[in-house]
Every structure is written in C-alpha cells, then in structure tokens.
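Novice: One structure coming up, written as structure tokens, with questions to follow.
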C-alpha cells in the first residue's frame, strides 16, 4: 500500500482512541492541553513528507528529546557514554531508585530519567550548553528556525521536580554527574520543554533512518552508531512497555508524556504521531494504535 | 559480502573468544562438555546452508527450545497465551521471584524460566505431550528423524531443579498452571534436554525467517504471528543482556546455557552458533562475538 | 491492679473488636470457625491461672507453635541454629522470596515461614519426629495428655501449600534443608495444626517467663537462652507489625493465623488471647486490643 | 553485681574490641578520630553516675540525636507524628529508597534517615528552630551549658550529603515535608553534629528511664509516651541489626556513626558507650561488646 494511503487508514483506525486516557497531569501546562488533538507525519528518506490531522500543531516533546541528546553525545565521542549508562531495559518503574542504587549509580539506559540526566550532563560538559545544542540540531534538521522550548513548561517542571532532584542527587552521590546538580536539572527540563510539531519531529529524526546522514547531507553519526541508537530505542524507548510495543509495532521508537511518539523505519523513513491522552503504559493511546495500524498497512516494520 | 565469506570471517574473528568463560556448571553433563568446540551454521530462506567449525556436533539446546514451544502454542491458539504471560523484558534475574510475586503469578515473558513453564504447561494441555510435540517439530523442520533429548541431561536437571520447583509451585499458588507441578517440570526439563547441531537448529528455525512457512511449504504461523515472536525474541531472548545484544548484534535471538544461540534475520535466514563457554551474561562468549562479527560483515541486521 | 481485675477489664475493653476483620480464609477449616469467639488466659509464674471468655475452647495454634519448636532446638544445641537462620525483622512480606534469595537461602528470622521450615528441619534431624516432639512438650507443659493436632487442618494446609513448597524448594536450592522437602513440609504443617486452648497455651509457655524452667521444675533452657528467645519474639514475633505491637503492647509475643496470640511477661507470667477474626496486620484484632488494654491495666510490660 | 563493678568488668571484657573495624569515613572529621578511644558512663535513676575510660571526651552524637528529636515532637503533640512516619523495622538498607517509594513517602520508622528528616521537619515547624531546641534540651538535661554542635562536622555532612538530599527530595515529592528541603537538611545535619560526652549523653537520656521525668523534676513525656519511645528504640534503634542487638543486649538503644550507643534500662538508668571504630552492622564494635557484657554482669535487661 502507498504510504499516503497507509497513513490515512491508520489515522482513521486510531481515531476512536483519541481522547482515551488522560494527558499527563503533573504540571498544569501539560494537563490543560486539549486531549482531542491528533496528528501524524511520515518523512521518507527520499524526501517526501506526508501528514494527516494536527500534524502542524506544536506540542511538548518531553522524552522524545532524549534520542537527540544521545545522538549528539554519541556523535561527539562515540561509545564513551556507555561507561556511565547501561543499555538494558529497566524492567519497570517500581524499582528505578532501587535499581540505580543497586547498580551503584549507573542508570539502566539513556531513556529512563536517570540515564537521560547523565546524557544531558555529558552534553553539557561537551558543549557548555546542552539545551541550546539540542535546539540548534532540531532547528537545522527540521528546517524551522523558530523551534524553541516553552519557558512555562520548563519552569513548571522545575517546580514539580522533587523526584527528578532525588534522582539527580542519587547520581551525584555515586559521582556520576560532572556538572552541578541544579545545572543538570535545569538543562534537562529545558530540553524536555522543546515545542515541536509532528512534521518537524519526523524531519528532525530522519537521520536515524538514513544511516546517520543529516538534512544537509553531512554525517552526524556513522551507520553503525545509527543502528545502535535504533537498537536501544527498540529495547528501551517506550518505558515499561517496550516489549509490548515491539510486539505490536515492531519499530524503534521513543515516546514522551506530551503525547508524541517518534518511530524509525530504517532505510525508509520516520513517523511521528501525537495525541495528548496517555494510555496505561504512559504513551499516547491513539498514537500507539495509529503506529500499530500504520505498520500493518504499510508493512514498514523491522521484523 | 557473500554469506559464506561473512560466515568464515566471523568464525575467524570470534576464534580468540572460544573457551573464554565457563560452561554451565549446575549439572555434570553440561559442565563436562569440551569448552573449545565452536560451530556456526547459516540457513538461508532460499534453501542454502553454510557451515563452519563444529556445526555438526550435537549439544544441549536448553532455552533455545523455548522459542519453538512458544511457536507451537501460538500456532494452536494465536494470542491466548498472552493472557497468562507478559512480553516485557524482566530487567534482571535478581528479582525474578519477587517480580512473579508482585505481578501475581504472571511471568514477565515466555523466555524466562517462569514464563517457559507456563508455555510448556499450555502445550502439555493442548497436546497431551509437550516434549514429544516439540521433538516432532524439530525432527520435521531439521529433516533429521533421530533428533531426540538426552535422558541423562533431563534426569540431571530434575535432580538439580529445586529452583525450578520453587518457581513452578509459586506459579501454581497463583493458579497459573493447568497441569500438576511435577508433570510440567518433567516436560520442561525434557524439552530443554533436546540435543541438536547448529545445522539442525538453523534449519529448524527457518520458519521464523520465512513468515511462518515450514520446510514442507505448509504454514505454521501467520506472517503477523511470526513477526511478533521475533519481536519478543529481540526484547527478551537473551536474558538480562537483551539490550546489549540488540545493540551489538541487532537481531532477534535466543540463547541457551548449553552454549548455543539462534538468531533470526527476517526474510533472509537463520544463524546458529555454538561454543560451550559462557560469558558473564550467561550466553556463549564466542557465539556472541561471532554473531556480532557476522552481522557486521554480512549487513544482516534488522536496524 | 490485680491480675484478675486487669484481665476482666481488658476483656471488656476488647469486646467491641470481636468479630472485626475476618478469620484466615486460605483453608476451609480455618475459614469456617465462628469469628465471635473470644478467650483470654493468664498463667502466673507463681502457679495461678486466670481465665475469661472462651479460654477453654481449642483452636489451631498455627504459627504460635514456632516459638516452641525454636525452644526445643535451642535446648538441644544452643545457638547453632543461628548459623542457618538470622534474627532480624524481615521488613515486610512483599519481599520474602526476594530476601531469601538475596541472602542466599538464610531466612531472616525463625518466625517467618522460611525460617520456621529451617527450624523444623533441624528439629526433625535432632528427634526423628519434629511434630511428635513438639506435641509431647505441649502435653507435658500444659498438663493435658490429649493435646493433639487436627488432621483435617494439616491435610488442608498440605493441599493449599504451593507457596510453602516454593519456599521450601528455594531453601533446598541453597542447601539449607537437611531432610527431604516433602518431609519437612509435612512436619511443618502438622506442628501448625496443633489444637489447644488459651489456658493450655499459657501454661505451655510458662517456661519463657520462668527463665527456662519447666512445669516439673526441670530446666528446658538457660536463663540466657530464654531471654534471647523472648528478644527474638519481641522483634520478629508478629510478622510485619512487630514494631507497632512493641509500641502498643510492649511484650514479646507470637501470633498465629488461627487467631491466637501468646505474650510473655518475663518473671511474671504468660498471657494467651484468642479470637479468630484477623485485623489488617494478620493478627487477631480483638486479641491485639485485649493485650494492649491488659498491659495498660496491669502494668505488665517490659519497658 | 554492683553497677560500678559491672561497668568495670564490661569495660575490660570489651577492651580487645577497641579499634576493631573502622570509624565512619564519609566525612573527614569523623574519619580522622582516633579509633582507640573508649568510654562508658552509666547514669542511674537514683542520681548516681559511674564512668570508665574516655567518658568525658566529646564525640559526634550523630543518629543518637534522633531519639531526642522524636521525644521533643512527641512531647509537643503526642502521637501525631505517626501519621507521617511508621514504626516498623525497615528490614535492611538495601531497599530504603524503594521502600519509601512503595510506601508513598511514609518512612518506615523515625530512626532511619528518611524518618528522622520528617521528625526534624516537624520539630522545625513546631519550634522555628529544630537544632536549637534540641541543643537546649541536651544542655538542660546534661547540666552542661556548653554543649553545642561542631560546625565543621555539620558543614562536611552538608557537602557529602547527596544521598540525604535525594531522600529529602523524595519525601517532598510525596508532600511529606512542611519546610523547604534545604532548610530541613540543614537542621538535620546540625542536630547530628552535636558534640557530647558519654557522661553528658547518659544524663541527657535519663528521662527515658524515669517514665518521662526530666532532670529538674518536670515532666517531658508521660509514662506511656516514654515506654513507647523505648519500644521503638528496641525494634528500630540499631539500623539493620536491631534483632541481633535485642538478642545480645536486650535493651532499647540508639547508635550513631560517631561510635556512640545510648541504651535505656527502664526504671534503672541509662548507659552510654563510645568507641569510634564501627563493626559490620554500622554500630561501634567495642560499644556493642561492652553493652553485651554489661547487661550480662548487671542483669539490667528488659527480658
């Protein structure tokens, strides 16, 4: 089936899920988003972009940013980050603090909060400004110079962030932060507060489907580095439902509590879906259904 | 690179790892295997089989059997097994009993021991003889009518199996076994005691690379069912190192403590490697290195 | 206040709690007990026994038996049992299997199920018949030759005992059982199935208030051994509510799911209360209230 | 045996343990203390004080302060603190963060760090200056107006305190702190940095052996409140070795990483021992041996 047709049918198939579940509620600016919005975009490696629904409405990317932060660190110094972060699924949120403690301050993977703090910390050391470096990458890959973070979201997260602070201090107690705790947290919440559309995110992630080659033809990552980031996304990208996501969708992907999901189809393209209401797994309910349907119709899957 | 050449070079690249680590030691018949053996076989969907090293020596398949047991159950009744078993990575062995307890007797995935006991229990209910059903499948797919289990291995496992008994009784306490505990354990250890060569296992698993089609052209699984089993292998097939395995090798795979690893390259073929000495992750050290090298040389990877 | 008066007033104070909560339900013979029964007995070191309510009705002693099993083992070989069992509070049931696993098969204390299995196993090795040895002690100390176990209760427990079997097999996997798993379980459930009255239990436990001296004037335990068993009762005797029990009652005590609680007041006497309905902590709700009131009125407390 | 004689013999019996183990090393000012110091003091309810060894050398009281903070809060508002803190043994340090998380921010007991932070927070709300209130109590009970905290120790703890910060932020994430995180931590480390001698501490704690009556004859706590604090000390006062401590010593006690241990013998007196080298349980090795011997010789035990 043509991509455009598969996209349209997936959108229709997932429509009944829109609004099921609830937007993230821990900060007001996420909780107040209209839950009935729903958009999809697919960017192909050949240059085409197909969109449907609210694909040009900006939303809070939240944890989707973690893939790009990781890419920037790997681009700068290849595999060194793995000395400080593992790449195994965490097996559940219930023990995240316990796990970090038992594993002596080495987070399970770069996509759980503890791991993302370490990656952000490293990017901060490498660039002197992690969130600016990330924003610049997003602007360049998406071709939109006005991509930026939402200061209200960032500030809300800082204020609601006792749990993030607990995690960061625990990392620091194991000497796994190079920069001051408050600075790392500040950079971290700023990155998560980036506001982008489905179209922009799909374009921004295209290097992951193109063996590491950026929009301008230059290389951000080697083919091997790119495959490896995709592998980590597949096993760890959707929190505690990575196994179920692989079973249903079969693609490397990263979700965020803003309701977005970015999925990579190596050598083919990148899909980004967004709908704010989250299902029990913490990922967008409609987004998950849409990706499930899209891979069925398009046969874009890695398995 | 040609498959044959990639296989040869991978064999050479991994040779220094042969004998590193130690064979499984919990039962004498595994502990006494010569650790310097090393074989590889690749069966292509087009019918060709390439082998190198000790690819025609039989070894104890152990947990590799779990993929085939699962396939038989899914073939018989599609997705029903997922009501009794989840499909998420377990996040580590340290909490396997805790996890089973906290999740009210529903194992994390079909490849940890608790999950495999449930799958075996279901196959036993469906067939009246789980281990015979599995052996028959192995014989038919490998084309070797003398494939069989090693009664000495099976008996040793029964005797060493207090931990397996603890797990099975815990499952029973949550009403997640249909058959008597002792019967399930007996079927389970018998399956694990199957003795096969790399060549035979690669051929036996070929339906996983062929969208579910068996050696005789009949269909065991639908394409969708096959993709899903491959997805579960990728996220859960190599114990607590599934994330690292995906990062390094990038293929759905299942390892066993006998030193074998079976890896599926969808639409292309199946690789089976074997060398008895196990690395820290519990999978064959040389086997892991060989698959890592093979996917690099052949570019057979899903990412 | 006189003991008799304190006993009467405690009985009245606790009366409103009788029937609150529910009897243990995991086996029919416990679940069907009339929850409105309530008895108390206090045996003084000076020989007097005071009773009130259903103090002469037999009930299933269940875990109260564990104190006596431990006493017999300590009497036979002093402190050797502590090489196989620790004496720390477990900190909660949720992790009992995890804890046993992390602590390499050494149970936290002799009063959780895992620990009691080890103590029973040792008594079995020492006597060749653990449950008979325990019954004999109970008969001699209570002065009632017809004290016996209830075979229906014992059989029910065996049948409902997958969780106990899981625990025993886990102990065996760590070589912390000397006798066959099934034999240990059989002895264990038989001990728990002893049927006794409040009066009989208070008399049977009197050696714990008398520095180890038995009813016939002979010595079962040294003064030091007795104090130590009392200390373990205080820190570990009431499951996960040992801290709250010490706070409220302030006495070494052991409760059982049959609704009985045995409490020791060193150098003064032993109290036994019974009412089948269990509160949220797994101990008799009315029994707990009665002991709380009794220690307040009598000023019999260790603090 | 006379107290003075029991004290002298206990001192001699424990002498070989002096210097065994190591002083706490997480901050320089504790690590650099001469490990060969050893003092004991016993204050009797009848007014006498007996001392031996380095009983008049000041040391860092650390967690011993937690008993007094709790007493001040209970004195001010009786049992209300138990709505925010439980009173059960924690069952081990390994899961302290997990436990706090699973129990929704309610610490297991007032003597683990998380619980002490909550008690300090409450005292801060009640007094506007928790550490000053505590210092005043210590001065008045010990009769020494120059008792004070060591600012170097307090500052070191603040700097080394990422783990304490993690705990405090986790409490705050569950709304279980009333004051700002940094303020609570500051008060907490200041209290722990109090510097006192064995003699001063034994005198300061005497109200715990006198049913709540202070040095000046006024009442700090009711008899019931005092018994209850003693009960919590017995079940939770010596970290993860409370069970073993009760077994060996049989007294309510609180230890600190400065090497001090305070033990209460209700209606008789208070013992304080100090020697900086800590054994595997985190309490003073010589101090533990000395208390074990002292209770044996004096027969001052609660059991």
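Novice: Test each condition in (1) within 14 Å of chain D (Cβ to nearest Cβ); (2) modelled with pLDDT of 95 or more; (3) part of a loop (DSSP other than H, G, I, E, B) for residue C:179 and report the one that comes out false.
Specialist: Among (1) within 14 Å of chain D (Cβ to nearest Cβ); (2) modelled with pLDDT of 95 or more; (3) part of a loop (DSSP other than H, G, I, E, B), the lone unmet condition for residue C:179 is (1).
Novice: Considering every residue within region A:164-176, establish whether at least one is within 30 Å of residue A:143 (Cβ to Cβ) and within 19 Å of the chain's Cα centre (by Cα).
Specialist: The answer is no, given that none of the residues of region A:164-176 is within 30 Å of residue A:143 (Cβ to Cβ) and within 19 Å of the chain's Cα centre (by Cα).
Novice: Out of region A:74-92, which residues are modelled with pLDDT under 95 and more than 20 Å from residue B:92 (Cβ to Cβ)?
Specialist: Once the filter is applied, which keeps residues that are modelled with pLDDT under 95 and more than 20 Å from residue B:92 (Cβ to Cβ), region A:74-92 yields A:78, A:79.
Novice: In addition: For region B:266-286, give me the residue count where each residue is in a loop (DSSP other than H, G, I, E, B), more than 14 Å from chain A (Cβ to nearest Cβ) and buried (at least 24 other Cβ atoms within 10 Å of the Cβ).
Specialist: Selection size over region B:266-286: 2.
Novice: I would also like to ask the following. Looking only at region D:25-44, which residues are surrounded by fewer than 20 Cβ atoms within 10 Å (Cβ to Cβ) and in contact with a helix residue (DSSP H, G or I) (Cβ under 7 Å, 6 or more places away or on another chain)?
Specialist: D:25, D:28, D:29, D:44
Novice: Output the qualifying pairs, or none if there are none: Cβ atoms under 9 angstrom, residues six or more apart or on different chains, first residue in region C:23-40 and without any contact (Cβ under 8 Å) to a residue 12 or more places away in the chain, second residue surrounded by 12 or more Cβ atoms within 10 Å (Cβ to Cβ).
Specialist: From region C:23-40, the pairs are C:25/C:31; C:31/C:22; C:31/C:23; C:31/C:24; C:32/C:23.
Novice: Restricting attention to region D:228-243, and to residues there that are touching a strand residue (DSSP E or B) at 6+ places or on another chain (Cβ under 8 Å) and buried (at least 24 other Cβ atoms within 10 Å of the Cβ), which single residue is nearest to the other protein chains (Cβ to nearest Cβ)?
Specialist: Filtering region D:228-243 for residues that are touching a strand residue (DSSP E or B) at 6+ places or on another chain (Cβ under 8 Å) and buried (at least 24 other Cβ atoms within 10 Å of the Cβ), the one nearest to the other protein chains (Cβ to nearest Cβ) comes out as D:230.
Novice: Okay, moving on. Give the residues of region B:190-227 that are more than 28 Å from residue B:151 (Cα to Cα), part of a helix (DSSP H, G or I) and more than 10 Å from chain A (Cβ to nearest Cβ), sorted by residue number.
Specialist: Passing the criteria: only B:225.
Novice: Please state which one of D:34, D:56 is over 17 Å from the mean Cα position of the chain (by Cα), away from chain C (no Cβ under 14 Å) and closer than 24 Å to residue D:157 by Cβ.
Specialist: D:34
Novice: Here are A:289, A:263, A:246: which of them is within 14 Å of the chain's Cα centre (by Cα) and not in a loop (DSSP other than H, G, I, E, B)?
Specialist: Within the list A:289, A:263, A:246, the selection yields A:263.
Novice: Whether any residue in region B:181-191 is under 30 Å from residue B:267 (Cα atoms) and in contact with a strand residue (DSSP E or B) (Cβ under 9 Å, 6 or more places away or on another chain) is what I want to check.
Specialist: yes
Novice: Here are A:241, A:281, A:255: which of them is modelled with pLDDT of 95 or more and closer than 18 Å to residue A:22 by Cβ?
Specialist: A:255
Novice: Looking only at residues in region A:252-264 that are more than 10 Å from chain B (Cβ to nearest Cβ) and free of Cβ contacts under 8 Å to residues at least 60 places away in the same chain, which one is nearest to residue A:213 (Cα to Cα)?
Specialist: A:263
Novice: Given the residues B:71, B:10, B:15, which is the only one that is surrounded by fewer than 21 Cβ atoms within 10 Å (Cβ to Cβ) and either in contact (Cβ under 8 Å) with a residue 24 or more places away in the chain or part of a loop (DSSP other than H, G, I, E, B) (or both)?
Specialist: Of B:71, B:10, B:15, the one residue that is surrounded by fewer than 21 Cβ atoms within 10 Å (Cβ to Cβ) and either in contact (Cβ under 8 Å) with a residue 24 or more places away in the chain or part of a loop (DSSP other than H, G, I, E, B) (or both) is B:15.
Novice: Would you say residue B:261 is touching a helix residue (DSSP H, G or I) at 6+ places or on another chain (Cβ under 6 Å) and under 24 Å from residue B:144 (Cα atoms)?
Specialist: yes
Novice: Something else now. Among the residues of region D:148-157, is there at least one that is closer than 17 Å to residue D:185 by Cα and within 14 Å of chain C (Cβ to nearest Cβ)?
Specialist: no
Novice: Checking residue D:119 against (1) surrounded by fewer than 24 Cβ atoms within 10 Å (Cβ to Cβ); (2) within 20 Å of residue D:256 (Cα to Cα), only one condition comes out false. Which one?
Specialist: Just one mismatch for residue D:119, condition (1).
Novice: Which one is surrounded by the most Cβ atoms within 10 Å (Cβ to Cβ), of the residues in region D:82-109 that are assigned to a helix (DSSP H, G or I) and away from chain C (no Cβ under 12 Å)?
Specialist: D:100
The values are calculated or read from the model by the stated rules, or taken from the named source; none is laboratory data. Bear in mind that the values here come from a model prediction, so they are computed numbers and not experimental data. Ideal geometry is used to build each Cβ from the backbone, glycine not excepted, and the neighbour counts take in all protein chains shown.
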